Amino acid sequence: MSATVIDGKAVARTVRERLAREVAELPEPPGLATVLVGDDPASAIYVSSKRKQCAQAGMRDLHQHLPGDISQAKLAVIIDHLNADPAVTGILLQLPLPEHLDAAELVARIDPDKDVDGLTTISAGRLAQGGPGLRPCTPSGVIELLDAYEIPIEGAHAVVVGRSELVGKPQAQLLLQRNATVTICHSRTRDVDAECRRADILVAAAGIPRLVGASAVKPGATVIDVGIHRTDSGLCGDVDFDAVREVAGAITPVPGGVGPMTIAMLLKNTVTAART
Ligand code: NAP
(Lines give C-alpha, C1' and ligand atoms only; values in the text may rest on other atoms or scores of the structure.)
Protein backbone atom coordinates (compact mmCIF):
# COMPACT_ATOMS: atom_id res chain seq x y z
CA MET A 1 0.00 0.00 0.00
CA SER A 2 1.22 3.46 -0.85
CA ALA A 3 2.24 5.76 2.02
CA THR A 4 0.32 8.79 3.25
CA VAL A 5 1.97 11.78 1.62
CA ILE A 6 2.57 14.45 4.27
CA ASP A 7 1.40 17.81 2.96
CA GLY A 8 3.91 20.35 4.25
CA LYS A 9 2.27 23.20 2.35
CA ALA A 10 -1.05 22.63 4.10
CA VAL A 11 0.53 22.26 7.56
CA ALA A 12 2.64 25.39 7.00
CA ARG A 13 -0.49 27.32 5.98
CA THR A 14 -2.28 26.22 9.16
CA VAL A 15 0.73 27.29 11.27
CA ARG A 16 0.87 30.68 9.53
CA GLU A 17 -2.86 31.25 10.06
CA ARG A 18 -2.51 30.36 13.75
CA LEU A 19 0.44 32.73 14.08
CA ALA A 20 -1.42 35.58 12.36
CA ARG A 21 -4.17 35.23 14.99
CA GLU A 22 -1.56 35.21 17.79
CA VAL A 23 0.17 38.28 16.32
CA ALA A 24 -3.15 40.16 16.23
CA GLU A 25 -3.51 39.56 19.98
CA LEU A 26 -0.06 40.90 20.90
CA PRO A 27 0.16 44.49 22.20
CA GLU A 28 2.79 45.33 19.53
CA PRO A 29 3.45 43.49 16.26
CA PRO A 30 6.75 41.57 16.35
CA GLY A 31 9.48 42.92 14.04
CA LEU A 32 11.66 40.61 11.96
CA ALA A 33 15.00 42.07 10.78
CA THR A 34 16.21 40.03 7.82
CA VAL A 35 19.78 40.95 6.94
CA LEU A 36 20.87 40.24 3.36
CA VAL A 37 24.49 40.93 2.44
CA GLY A 38 25.24 41.23 -1.28
CA ASP A 39 23.21 40.02 -4.25
CA ASP A 40 23.36 36.22 -4.24
CA PRO A 41 20.20 35.36 -6.24
CA ALA A 42 19.23 32.28 -4.18
CA SER A 43 19.61 34.19 -0.90
CA ALA A 44 17.59 37.09 -2.32
CA ILE A 45 14.72 34.71 -3.17
CA TYR A 46 14.78 33.11 0.31
CA VAL A 47 14.82 36.49 2.04
CA SER A 48 12.03 37.85 -0.11
CA SER A 49 9.79 34.84 0.81
CA LYS A 50 10.58 35.33 4.49
CA ARG A 51 9.72 39.04 4.30
CA LYS A 52 6.49 38.40 2.41
CA GLN A 53 5.26 35.76 4.86
CA CYS A 54 6.30 37.91 7.82
CA ALA A 55 4.20 40.82 6.51
CA GLN A 56 1.26 38.51 5.69
CA ALA A 57 1.26 37.31 9.32
CA GLY A 58 0.95 40.94 10.49
CA MET A 59 4.57 41.35 11.59
CA ARG A 60 6.84 44.28 10.87
CA ASP A 61 9.29 43.73 8.03
CA LEU A 62 12.52 45.42 9.17
CA HIS A 63 14.70 44.30 6.28
CA GLN A 64 18.29 45.47 5.76
CA HIS A 65 19.98 44.97 2.40
CA LEU A 66 23.71 45.61 2.78
CA PRO A 67 26.44 45.88 0.15
CA GLY A 68 28.41 42.69 -0.60
CA ASP A 69 31.71 44.40 0.25
CA ILE A 70 30.63 45.52 3.75
CA SER A 71 33.37 45.03 6.35
CA GLN A 72 33.18 42.63 9.29
CA ALA A 73 33.36 45.58 11.71
CA LYS A 74 30.51 47.48 10.03
CA LEU A 75 28.26 44.45 9.93
CA ALA A 76 29.05 43.75 13.59
CA VAL A 77 27.92 47.29 14.48
CA ILE A 78 24.66 46.81 12.53
CA ILE A 79 23.97 43.58 14.44
CA ASP A 80 24.69 45.39 17.73
CA HIS A 81 22.15 48.08 16.78
CA LEU A 82 19.53 45.48 15.91
CA ASN A 83 20.21 43.74 19.24
CA ALA A 84 19.59 47.03 21.05
CA ASP A 85 16.53 48.13 19.04
CA PRO A 86 13.31 47.28 20.95
CA ALA A 87 11.29 47.28 17.68
CA VAL A 88 13.38 44.34 16.48
CA THR A 89 12.05 41.08 17.89
CA GLY A 90 13.99 38.71 15.69
CA ILE A 91 17.21 38.92 13.69
CA LEU A 92 17.92 36.67 10.73
CA LEU A 93 21.35 36.93 9.13
CA GLN A 94 20.92 35.24 5.76
CA LEU A 95 23.69 32.68 5.11
CA PRO A 96 25.98 32.10 3.34
CA LEU A 97 27.77 35.42 3.72
CA PRO A 98 30.39 36.63 1.24
CA GLU A 99 33.71 34.84 1.80
CA HIS A 100 35.57 37.78 3.35
CA LEU A 101 33.18 37.76 6.32
CA ASP A 102 33.46 35.51 9.38
CA ALA A 103 29.89 34.19 9.57
CA ALA A 104 30.40 32.27 12.83
CA GLU A 105 31.59 35.39 14.63
CA LEU A 106 28.68 37.45 13.30
CA VAL A 107 26.06 34.84 14.17
CA ALA A 108 27.55 34.61 17.67
CA ARG A 109 26.95 38.34 18.06
CA ILE A 110 23.17 38.00 17.68
CA ASP A 111 21.28 38.33 20.97
CA PRO A 112 20.16 34.71 21.69
CA ASP A 113 16.71 36.02 22.63
CA LYS A 114 16.41 37.45 19.09
CA ASP A 115 18.12 34.49 17.38
CA VAL A 116 15.09 33.36 15.34
CA ASP A 117 17.25 30.98 13.27
CA GLY A 118 18.30 29.25 16.52
CA LEU A 119 21.91 29.10 15.36
CA THR A 120 23.88 30.80 18.12
CA THR A 121 25.93 28.69 20.51
CA ILE A 122 23.71 29.81 23.37
CA SER A 123 20.57 28.67 21.51
CA ALA A 124 22.28 25.33 20.80
CA GLY A 125 23.21 25.02 24.49
CA ARG A 126 19.67 25.82 25.60
CA LEU A 127 18.38 23.10 23.26
CA ALA A 128 21.00 20.60 24.45
CA GLN A 129 20.00 21.24 28.06
CA GLY A 130 16.29 21.09 27.24
CA GLY A 131 15.66 24.64 28.46
CA PRO A 132 13.43 27.25 26.83
CA GLY A 133 14.88 28.96 23.77
CA LEU A 134 14.65 29.49 20.03
CA ARG A 135 15.13 26.30 18.02
CA PRO A 136 16.53 25.90 14.48
CA CYS A 137 13.65 26.23 12.03
CA THR A 138 13.98 23.20 9.75
CA PRO A 139 14.19 20.54 12.50
CA SER A 140 11.37 22.26 14.43
CA GLY A 141 9.32 22.12 11.23
CA VAL A 142 9.88 18.35 11.10
CA ILE A 143 8.50 17.98 14.64
CA GLU A 144 5.50 20.16 13.70
CA LEU A 145 4.80 17.87 10.70
CA LEU A 146 4.99 14.73 12.86
CA ASP A 147 2.58 16.31 15.35
CA ALA A 148 0.21 17.50 12.62
CA TYR A 149 -0.09 13.91 11.36
CA GLU A 150 -0.27 12.54 14.92
CA ILE A 151 2.79 10.35 14.44
CA PRO A 152 3.84 9.18 17.89
CA ILE A 153 7.34 10.33 18.83
CA GLU A 154 7.56 9.15 22.43
CA GLY A 155 9.16 5.71 22.59
CA ALA A 156 9.66 5.59 18.81
CA HIS A 157 13.05 4.69 17.39
CA ALA A 158 14.10 7.74 15.38
CA VAL A 159 17.07 7.64 13.02
CA VAL A 160 18.52 10.93 11.80
CA VAL A 161 20.86 10.72 8.81
CA GLY A 162 23.18 13.73 9.08
CA ARG A 163 24.74 15.56 12.01
CA SER A 164 25.06 19.16 10.83
CA GLU A 165 24.65 22.01 13.30
CA LEU A 166 21.80 23.34 11.15
CA VAL A 167 19.70 20.19 10.81
CA GLY A 168 20.96 16.79 12.03
CA LYS A 169 22.15 17.60 15.55
CA PRO A 170 19.23 19.83 16.56
CA GLN A 171 16.84 17.33 14.94
CA ALA A 172 18.22 14.52 17.08
CA GLN A 173 17.96 16.67 20.20
CA LEU A 174 14.37 17.73 19.47
CA LEU A 175 13.38 14.09 18.97
CA LEU A 176 15.19 13.10 22.17
CA GLN A 177 13.40 15.86 24.05
CA ARG A 178 10.15 14.29 22.90
CA ASN A 179 11.31 10.94 24.31
CA ALA A 180 12.24 9.16 21.08
CA THR A 181 15.17 6.75 21.14
CA VAL A 182 17.54 8.41 18.72
CA THR A 183 20.30 7.11 16.46
CA ILE A 184 22.40 9.59 14.47
CA CYS A 185 24.10 8.45 11.24
CA HIS A 186 26.87 10.32 9.46
CA SER A 187 29.45 9.81 6.76
CA ARG A 188 31.50 7.38 8.90
CA THR A 189 28.56 5.22 9.96
CA ARG A 190 29.41 1.64 8.93
CA ASP A 191 26.04 0.55 7.56
CA VAL A 192 23.63 3.46 7.14
CA ASP A 193 20.92 1.30 5.52
CA ALA A 194 20.95 -1.17 8.42
CA GLU A 195 20.57 1.69 10.93
CA CYS A 196 17.77 3.23 8.87
CA ARG A 197 15.86 -0.06 8.72
CA ARG A 198 15.46 0.11 12.53
CA ALA A 199 13.66 3.45 12.35
CA ASP A 200 10.02 4.09 13.13
CA ILE A 201 10.79 7.70 12.19
CA LEU A 202 13.54 8.26 9.63
CA VAL A 203 14.79 11.80 8.99
CA ALA A 204 17.09 12.07 5.97
CA ALA A 205 19.34 15.14 6.06
CA ALA A 206 22.60 14.03 4.42
CA GLY A 207 22.50 16.29 1.38
CA ILE A 208 22.87 13.35 -1.04
CA PRO A 209 20.21 12.90 -3.73
CA ARG A 210 18.09 9.75 -3.21
CA LEU A 211 20.51 8.28 -0.66
CA VAL A 212 17.68 6.48 1.15
CA GLY A 213 16.13 3.74 -0.95
CA ALA A 214 13.26 1.33 -0.30
CA SER A 215 15.58 -1.33 1.16
CA ALA A 216 16.60 1.10 3.94
CA VAL A 217 13.05 1.61 5.18
CA LYS A 218 11.08 -0.52 7.64
CA PRO A 219 7.55 -1.20 6.32
CA GLY A 220 5.15 1.37 7.79
CA ALA A 221 7.89 3.78 8.94
CA THR A 222 7.49 7.56 8.72
CA VAL A 223 10.08 9.01 6.35
CA ILE A 224 10.89 12.72 6.49
CA ASP A 225 13.06 14.05 3.69
CA VAL A 226 14.94 17.23 4.56
CA GLY A 227 17.21 17.11 1.51
CA ILE A 228 16.67 19.34 -1.47
CA HIS A 229 18.52 19.06 -4.77
CA ARG A 230 18.09 20.58 -8.17
CA THR A 231 18.44 17.96 -10.93
CA ASP A 232 17.80 18.01 -14.69
CA SER A 233 14.44 16.38 -14.03
CA GLY A 234 13.44 18.86 -11.29
CA LEU A 235 13.80 18.95 -7.49
CA CYS A 236 14.44 15.81 -5.48
CA GLY A 237 15.36 14.97 -1.91
CA ASP A 238 17.63 12.58 -0.02
CA VAL A 239 14.96 9.88 -0.33
CA ASP A 240 14.01 7.91 -3.43
CA PHE A 241 10.38 9.03 -3.12
CA ASP A 242 8.77 6.78 -5.75
CA ALA A 243 10.34 3.61 -4.36
CA VAL A 244 10.09 4.47 -0.65
CA ARG A 245 6.42 5.52 -0.77
CA GLU A 246 5.57 1.87 -1.53
CA VAL A 247 7.15 0.76 1.76
CA ALA A 248 6.71 3.66 4.19
CA GLY A 249 3.60 4.44 6.21
CA ALA A 250 3.98 8.19 5.68
CA ILE A 251 6.44 10.25 3.66
CA THR A 252 7.20 13.87 2.85
CA PRO A 253 7.52 14.85 -0.81
CA VAL A 254 10.17 17.18 -2.23
CA PRO A 255 9.09 19.85 -2.90
CA GLY A 256 6.09 20.46 -0.65
CA GLY A 257 7.18 18.58 2.47
CA VAL A 258 9.71 19.98 4.93
CA GLY A 259 10.61 23.03 2.80
CA PRO A 260 7.46 25.10 3.44
CA MET A 261 7.76 24.44 7.18
CA THR A 262 11.09 26.23 7.55
CA ILE A 263 9.71 29.75 7.04
CA ALA A 264 6.59 28.94 9.07
CA MET A 265 8.89 28.04 11.99
CA LEU A 266 10.86 31.25 11.50
CA LEU A 267 7.60 33.16 11.99
CA LYS A 268 6.80 31.01 15.02
CA ASN A 269 10.20 31.80 16.53
CA THR A 270 9.62 35.52 15.91
CA VAL A 271 6.33 35.35 17.82
CA THR A 272 8.03 33.35 20.61
CA ALA A 273 10.81 35.95 20.79
CA ALA A 274 8.21 38.72 21.04
CA ARG A 275 6.72 37.01 24.09
CA THR A 276 10.01 36.70 26.00
P1 NAP B 1 25.51 19.30 5.57
O2 NAP B 1 25.96 20.38 6.46
O3 NAP B 1 26.25 19.02 4.30
O4 NAP B 1 25.53 17.94 6.45
C5 NAP B 1 25.32 16.69 5.85
C6 NAP B 1 25.43 15.63 6.92
O7 NAP B 1 25.17 14.38 6.30
C8 NAP B 1 26.80 15.54 7.56
O9 NAP B 1 26.66 15.38 8.94
C10 NAP B 1 27.42 14.30 6.91
O11 NAP B 1 28.27 13.55 7.75
C12 NAP B 1 26.20 13.47 6.62
N13 NAP B 1 26.43 12.57 5.47
C14 NAP B 1 27.01 12.87 4.31
N15 NAP B 1 27.06 11.78 3.53
C16 NAP B 1 26.49 10.77 4.23
C17 NAP B 1 26.24 9.40 3.96
N18 NAP B 1 26.60 8.83 2.80
N19 NAP B 1 25.62 8.69 4.90
C20 NAP B 1 25.27 9.24 6.07
N21 NAP B 1 25.47 10.55 6.39
C22 NAP B 1 26.08 11.29 5.48
O23 NAP B 1 23.99 19.46 5.16
P24 NAP B 1 22.76 20.17 5.94
O25 NAP B 1 22.94 21.63 5.97
O26 NAP B 1 22.48 19.44 7.20
O27 NAP B 1 21.60 19.87 4.88
C28 NAP B 1 21.23 18.55 4.53
C29 NAP B 1 20.25 18.60 3.37
O30 NAP B 1 19.09 19.30 3.78
C31 NAP B 1 20.76 19.36 2.14
O32 NAP B 1 20.24 18.73 0.98
C33 NAP B 1 20.16 20.74 2.29
O34 NAP B 1 19.97 21.38 1.04
C35 NAP B 1 18.83 20.40 2.91
N36 NAP B 1 18.23 21.47 3.72
C37 NAP B 1 16.91 21.72 3.50
C38 NAP B 1 16.28 22.68 4.26
C39 NAP B 1 14.82 22.93 4.04
O40 NAP B 1 14.30 23.96 4.43
N41 NAP B 1 14.12 21.97 3.43
C42 NAP B 1 16.98 23.40 5.22
C43 NAP B 1 18.31 23.09 5.46
C44 NAP B 1 18.93 22.11 4.70
P45 NAP B 1 29.67 14.11 8.35
O46 NAP B 1 29.29 15.01 9.49
O47 NAP B 1 30.36 12.89 8.79
O48 NAP B 1 30.34 14.85 7.23
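Stick to Cα atoms and the Kirkwood definition of Rh, then tell me Rg/Rh for the stretch 91-177. Walk me through the numbers before you get to the answer.
Values: Rg = 14.0 Å, Rh = 13.9 Å.
With Rg and the Kirkwood Rh in hand, the quotient comes to 1.01.
Can you work out the accessible area per residue across the stretch 141-276, with the rest of the protein chains kept in place, probe 1.4 Å, in square angstrom? Provide the component values of the computation, followed by the final result.
Working: 6060 Å² over 136 residues.
Normalised by residue count, the accessible surface of the stretch 141-276 is 45 Å².
In this label model, H81 and L66 are separated by 1.0 nm, measuring between points 7 Å along each Cα→Cβ vector.
State, to one decimal in nm², a quarter of the convex hull surface area for the C-alpha atoms of the chain, i.e. the direction-averaged projected area.
Numbers: hull surface 57.7 nm².
Reported value for the Cα convex hull: 14.4 nm².
Rg over Rh of the stretch 219-276, using C-alpha atoms and the Kirkwood radius, what does it come to?
Working: Rg = 14.7 Å, Rh = 12.9 Å.
My calculation puts Rg/Rh at 1.14.
When only the Cβ of Lys, Arg, Asp and Glu is charged (+1, +1, -1, -1), the dipole of the stretch 136-258 relative to its Cα centre reaches about 360 debye.
Accessible surface of the chain, 1.4 Å probe: 52 percent of it comes from carbon and sulfur atoms. Remark on T4: its backbone amide H falls under 5 Å from those of A250, I251, a criterion applied only to residues 5 or more positions apart or on other chains, H modelled at 1.01 Å from N.
Solvent-accessible surface of the stretch 71-120, averaged per residue with a 1.4 angstrom probe and all protein chains in place: 45 square angstrom.
The residues of the stretch 8-61 present an accessible area of 53 Å² per residue when probed at 1.4 Å with all protein chains retained.
For the chain, excluding the exposed loop sites themselves (trypsin sites (Lys or Arg not before Pro), DSSP loop, at most 10 other Cβ atoms within 10 Å), the longest remaining stretch covers 1-187. 3J(HN,Hα) along the stretch 188-194, derived from phi through the Karplus expression 6.51 cos²θ - 1.76 cosθ + 1.60 where θ = phi - 60°, amounts to 9, 5, 5, 9, 4, 4, 5 Hz, with x in place of Gly and Pro. Of all aspartates and glutamates in the structure, those lying under 19 Å Cα to Cα from K268, and not within fewer than 8 positions of it along the same chain, are D7, E17, E22, E25, E28, D61, D111, D113, D115, D117, E144, D147.
Based on the Cβ-Cβ distance from D39 to D102, what FRET efficiency comes out when R0 is 25 Å, to the nearest 0.05? Provide the component values of the computation, followed by the final result.
Numbers: r = 20 Å, r/R0 = 0.81.
Efficiency, rounded to the nearest 0.05: 0.80.
The values are calculated or read from the model by the stated rules, or taken from the named source; none is laboratory data. Quantities reported herein were computed from a predicted structural model and do not represent experimental measurements. Because the Cβ atoms are built from the backbone with ideal geometry, glycine has one as well, and the counts that use them run over all protein chains shown. In case anyone asks, the SASA skips ligands and DNA or RNA and just uses the protein heavy atoms, side chains included. Shrake-Rupley method; radii C 1.70, N 1.55, O 1.52, S 1.80 Å.
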